[in-house]
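Here is the structure we will look at, set down as structure tokens.
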Amino acid sequence: MKGDADLVVSSAPHLRDRQTVGLAMRDVFVALMPVTAVSIYYFHWNALFLISVCLLTAVLTEVLFRRMMKKEPTLYDWSAVLTGLFVAMLFPATTPWWKAALAVFIGVGFAKELAGGLGRNRFNPALFGLVALMLLAPLVALLDEQFASLYVSFGTVDVLTQATPLAMLHQGMEMPSYGRLLTAFPGGALGETSPLFLLIGAAYLFFRGHLNWRIPASILITVAALTTALGQNPIQHLLVGSLPLGAFFMATDWVTSPFTNKGKYVFGICIGIGVVMFRLGLSPTEGVAYSILIMNGFVPMIERWTLRPQFGRHSRSAVSAAER
Amino acid sequence: MTIRHFLGGLRVPHYKTFTEEKFIEAVAAPSELVIPLQQHIGAPCSALVEVGDTVQAGQKIGEPTGFVSAPVHASLSGRVSAVESRRTHSGQEALCVVIDVDSEQVPRRAPENRSSNLTREDIITAVRDAGVVGMGGAGFPTAVKLQPPADKPVDTVILNGCECEPYLTCDHRMMVEMPEQILQGASYIRQALDAETVLVCVEDNKKDAIDALRAKNTDQQTQILKVPTKYPQGAEKQLIKAATGREVPPQGLPFEVGVVVQNVGTAAAVCDAVEYGRPLLERVVTVTGQNLAEPKNLRIPIGTLLSHVIEQCGGMKENPAKVIVGGPMTGAAQADLSVPVTKAVTGITVLGPAMAVSDREYDHCVRCGRCVDKCPMLLYPNQISVFCEANLIERARQWNTMDCIECGICAFVCPAQRPIVRFVQEMKPQIQAAQRSS
């Protein structure tokens, strides 16, 4: 090379690993593909239609809100479509499309974008959207009335009318075998179809380095221990409802879980306690969603309690960050 | 000897194959030298020469003005053409002596070895007069480190041969090619400090260096320790922890736990200074990178311009390029190649178009916690980056921004590409200013 050098100047470090937020979110999306495929296998077009509505709404909502705030859409980070897919996984295949779309709209638009964008949201967007629908029950009822004629159905599938394992467990009905519960017992939300295929996705996430085992382990151990202590069958409790999806995919959301290792245990144990309380005492459904969402709110407090001492200090009281 | 690990850290790509097997060679003498009068942490030197003066190689041209300081010498003979402020590789201006180098250099006569019956004071004086500073990159005056406070006795000298920074091999080659000089220097350092043990710590990816040192080590009080290859193993506090299990408290110096750490190159310079009264006139620099025609380990006179060094290595291959003084994790990218090699320059890393990326756009922190897992100071780089970005000085101080060693791991792993080190570098002076004014 002759002549003047064209020199690039930037701050250290000049090496970076290849990880980006978009790649990580894409990996989570990929990790949800096995259970998505199983749900489509069982619910055919109903599932495919619901998922498509959710993904499309997520993209449109993100673009709309970012345009309104005069920011560039950040579809490349995959977080909007991921929220869309999560919402679809949280609903049964027969859900009217406007309900799912509204949940996605609230999750992506309000819980994420209005909170300041990915990273600034305190609550898991998908769960926020789901729970918001319950709080907005009158609005949803109105929509149901207005939109009833627009309901799209692709014909019934046998499994659509089957009782969910969680409801069966709650009503003390005779439960399917562990094997069936683990591999696939469709009936509830799409993401509840197959714990086994959720686990395959979770294993993929773990080996890609995105899944911290502390949160799912403490949730599942807590649920197992408490249900055992209360005379319930712990294995059935672990396999039914949205617990596998929640423990591996939703409670582990980077943004809305504690960044301290000890905090992850506290967070997981509290969610586990919440799930058991909801299931055995309060409401038979959505206990996982409520528990995670409630604990999302406590994350800053948990982090403050569980800070580690910096290098060279051995007592927590010496951490000046804890002065806050 | 059990090796304890420090927490955090990670394996970074090494890229050391460019130069790790290349013998150290002398660079062709440049026609001009620019010698900064401040090449160390501490007070700058005052100039002892004026424009028009002729200077001999080894002649002192800068006199220290404080205790924490080190004299500066002319590396080659010539005529002083200017004494003026020039930009250095740190990006700051410093007073520099510019020398037109004589085309004929009088060979330095071999001085005699005067190493018998040395006292502690002899060693410290020789080191101070020779202008030896820490050659691992920090540039702290070595003589100051040899005089710890009386109430902090030092029992262990750690010789830092980790060279954990990617690309760099200057310490590695010195350990392979001149182990005796390094070990001898270490023993002088130990004598000066009245310490009991010398631990020479080398990362286990440099087997030939470990073998060479072990083969030449005859001192009962010196041990060659193999430490794990993990960045930043060569960071002072992390190395002390790994080698001795002791933790230097925040804001504290290694004295507090009875340790002094010196770089292996510094030990070699100490040996030269003590035995032959030879001032620090040149140093070994790794000139390397994908974009350099002929990567080399070069012995370079202090004050030689980067442009000359790169030319001597066959020049750069492609544009755009990034020229980093030091290694890629902690080094500073240069906008201009007319800055000189100083005593603290360990390497010149030249990256090509594929790797010469400028600061990228970054996103909000997504709280993934990867930086928290890897931070070797056990800080919370995520929180620090958020408060530095928002310029919340008091919050940044509370989250211990001042204890950051700027190793770069947090920014290396950050999926949101946040320039965390830059944030910290911009925040630290503000915290200091706030503390002074309160």
**Request:** For region B:59-66, state whether one or more residues are basic (Lys, Arg), touching a residue at least 24 places away in the same chain (Cβ under 8 Å) and assigned to a loop (DSSP other than H, G, I, E, B).
**Result:** no
**Asked** Can you spot a residue in region B:374-396 that is touching a residue at least 24 places away in the same chain (Cβ under 8 Å), more than 28 Å from residue A:253 (Cβ to Cβ), more than 8 Å from chain A (Cβ to nearest Cβ) and buried (at least 19 other Cβ atoms within 10 Å of the Cβ)?
**Response** no
**Number of the exception - residue B:413 against (1) within 22 Å of the chain's Cα centre (by Cα); (2) facing chain A (nearest Cβ under 7 Å); (3) in contact (Cβ under 8 Å) with a residue 60 or more places away in the chain** = (1)
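Residue-wise test of (1) within 22 Å of residue B:421 (Cβ to Cβ); (2) basic (Lys, Arg); (3) surrounded by fewer than 23 Cβ atoms within 10 Å (Cβ to Cβ).
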| residue | (1), (2), (3) |
| --- | --- |
| B:246 | no, yes, yes |
| B:265 | no, no, no |
| B:276 | no, no, yes |
| B:280 | no, no, no |
| B:302 | no, no, no |
| B:321 | yes, no, no |
| B:324 | yes, no, no |
| B:345 | yes, no, no |
**Request:** Select, from A:288, A:255, the only residue that is more than 14 Å from every other protein chain (Cβ to nearest Cβ) and within 25 Å of residue A:87 (Cβ to Cβ).
**Result:** A:288
**Item:** Elements of type helices (runs of 4 or more DSSP H) contained in region A:183-252, each with 2 or more residues being aliphatic (A, V, I, L, M) and free of Cβ contacts under 8 Å to residues at least 40 places away in the same chain
**Value:** A:195-207, A:214-229
**Asked** Before we move on, is residue A:283 part of a loop (DSSP other than H, G, I, E, B) and within 25 Å of residue A:193 (Cα to Cα)?
**Response** yes
**Complete:** residue B:35 meets each of (1) part of a loop (DSSP other than H, G, I, E, B); (2) surrounded by 22 or more Cβ atoms within 10 Å (Cβ to Cβ) with one exception, condition (1)
**Item:** Total residues in region A:164-195, condition modelled with pLDDT of 90 or more and more than 18 Å from the chain's Cα centre (by Cα)
**Value:** 0
**Asked** If we only count helices (runs of 4 or more DSSP H) wholly inside region B:362-438, which ones have 3 or more residues that are farther than 22 Å from residue B:164 by Cα?
**Response** B:381-389, B:393-398, B:420-437
**Request:** Consider residue B:328 carefully, then state whether it is at pLDDT below 95 and within 14 Å of chain A (Cβ to nearest Cβ).
**Result:** no
**Complete:** Selection over region A:55-82 where residues are among the β-branched types (Val, Ile, Thr) and either within 14 Å of chain B (Cβ to nearest Cβ) or in contact with a strand residue (DSSP E or B) (Cβ under 9 Å, 6 or more places away or on another chain) (or both) yields a count of 1
**Prompt:** Out of (1) at pLDDT 95 or above; (2) among the small types (Gly, Ala, Ser); (3) surrounded by 23 or more Cβ atoms within 10 Å (Cβ to Cβ), what's the single condition that is false for residue B:356?
**Reply:** (1)
**Message:** On the basis of being more than 9 Å from every other protein chain (Cβ to nearest Cβ) and among the polar types (S, T, N, Q), does residue B:358 make the cut?
**Reply:** no
**Asked** What is the residue count in region B:333-355 for residues that are in a loop (DSSP other than H, G, I, E, B), within 12 Å of chain A (Cβ to nearest Cβ), among the aliphatic types (A, V, I, L, M) and within 30 Å of residue B:95 (Cβ to Cβ)?
**Response** 3
**Asked** Out of all the residues in region B:67-89, which are of a type in the set (Val, Ile, Thr) and either under 20 Å from residue B:299 (Cα atoms) or part of a loop (DSSP other than H, G, I, E, B) (or both)?
**Response** B:68, B:72, B:88
**Asked** Regarding residue A:256, is this residue in contact with a Leu (Cβ under 8 Å, 6 or more places away or on another chain), at pLDDT 95 or above and closer than 29 Å to residue B:399 by Cβ?
**Response** no
**Prompt:** Among the candidates A:111, A:132, A:148, which residue alone is surrounded by 21 or more Cβ atoms within 10 Å (Cβ to Cβ) and part of a helix (DSSP H, G or I)?
**Reply:** A:111
**Prompt:** Does region A:27-47 contain at least one residue that is over 17 Å from the mean Cα position of the chain (by Cα), surrounded by fewer than 18 Cβ atoms within 10 Å (Cβ to Cβ) and facing chain B (nearest Cβ under 7 Å)?
**Reply:** no
**Complete:** The number of residues in region B:85-119 that are charged (D, E, K, R) and under 25 Å from the mean Cα position of the chain (by Cα) is 3
**Message:** Out of A:101, A:111, A:80, A:93, I need the residue that is hydrophobic (A, V, I, L, M, F, W, C) and over 25 Å from residue A:38 (Cα atoms). Which one?
**Reply:** A:111
**Message:** Of the conditions (1) modelled with pLDDT of 85 or more; (2) in contact with a Gly (Cβ under 7 Å, 6 or more places away or on another chain); (3) hydrophobic (A, V, I, L, M, F, W, C), residue A:159 satisfies every one except a single condition; which number is it?
**Reply:** (1)
**Request:** Could you please find all residues in region B:364-373 being out of contact with any Gly (no Cβ under 8 Å at 6 or more places or on another chain) and within 7 Å of another protein chain (Cβ to nearest Cβ)?
**Result:** B:368, B:369, B:372
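Listed here are the residues, each with its yes/no results for (1) modelled with pLDDT of 95 or more; (2) within 18 Å of residue B:333 (Cα to Cα); (3) out of contact with any helix residue (DSSP H, G or I) (no Cβ under 7 Å at 6 or more places or on another chain).
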| residue | (1), (2), (3) |
| --- | --- |
| B:281 | yes, no, yes |
| B:286 | yes, yes, no |
| B:297 | yes, no, no |
| B:302 | yes, no, yes |
| B:318 | no, yes, yes |
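Matching residues to (1) within 14 Å of the chain's Cα centre (by Cα); (2) crowded, with 16+ Cβ neighbours inside 10 Å:
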site: A:197; (1), (2): no, yes
site: A:204; (1), (2): no, yes
site: A:244; (1), (2): yes, yes
site: A:260; (1), (2): no, yes
site: A:292; (1), (2): yes, yes
site: A:301; (1), (2): no, no
**Verdict on residue A:7 being at pLDDT 95 or above and either more than 14 Å from every other protein chain (Cβ to nearest Cβ) or at negative phi (or both)** = no
**Fill in**
All-but-one check, residue B:138 against (1) in a loop (DSSP other than H, G, I, E, B); (2) in contact with a Phe, Trp or Tyr (Cβ under 9 Å, 6 or more places away or on another chain), failing number (2)
**Asked** Using beta carbons and a limit of 8 Å, which pairs, at least six apart or on different chains, have the first residue in region B:206-218 and outside the structural domain of residue B:230 (by TED's automatic domain parsing) and the second one in a loop (DSSP other than H, G, I, E, B) and of a type in the set (Ser, Thr, Tyr)?
**Response** none
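The values are calculated or read from the model by the stated rules, or taken from the named source; none is laboratory data. Values in this document were obtained by computation on a predicted structure and should not be read as measured data. Every residue, glycine among them, receives a Cβ derived from its backbone with ideal geometry; neighbour counts consider all protein chains shown.
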